[in-house]
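In what follows, a single structure is set out as structure tokens and then discussed.
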Amino acid sequence: MVFFATLFVLIAVLNIFFPAAGWYMRYGWMVKGDSEPSDAYLMMSRISSVIVLIIFLLFLLPALF
């Protein structure tokens, strides 16, 4: 269970600092040519990752220990 918690936190932190990498893995491979994620997508991805990480750290992480 601790492994999954660590993995979850790692993915959330990576999405905060590198949201474009997630976009390329999910949508970028489908588009031919040069395509970039919008600034709105990057900002919402960061905001949602921060919110999910805070909720995880406040509610679910203490339940593990």
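Looking at the chain from every direction and averaging, what is the projected area of its Cα convex hull in nm²?
Values: hull surface 19.3 nm².
Computed as one quarter of the Cα hull surface, the answer is 4.8 nm².
At 1.4 Å probe radius, can you tell me the per residue accessible area of the chain in Å²?
That works out to 80 Å² for each residue.
Please report the carbon-and-sulfur percent of the accessible area for the chain; probe 1.4 Å, protein heavy atoms only, DNA, RNA and ligands left out.
Working: 3960 of 5190 Å².
Using a 1.4 Å probe with all protein chains present, the chain comes out at 76 percent carbon and sulfur.
Ignoring ligands, DNA and RNA, how do Val9, Val31 rank by accessible area with a 1.4 Å probe, largest first?
Ranked from most to least accessible, the order is Val31, Val9.
Per-residue ellipticity at 222 nm for the chain, helices alone: DSSP H runs ≥ 4 residues times -39500 (n - 2.57), over residue total, nearest 500 deg cm²/dmol?
Estimated from H runs of four or more residues: -21000 deg cm²/dmol.
The values are calculated or read from the model by the stated rules, or taken from the named source; none is laboratory data. Everything numeric in this text was worked out from a predicted model, so none of it was measured. Heavy atoms of the whole protein, side chains included, go into the accessibility calculation; ligands, DNA and RNA do not. Shrake-Rupley method; radii C 1.70, N 1.55, O 1.52, S 1.80 Å.
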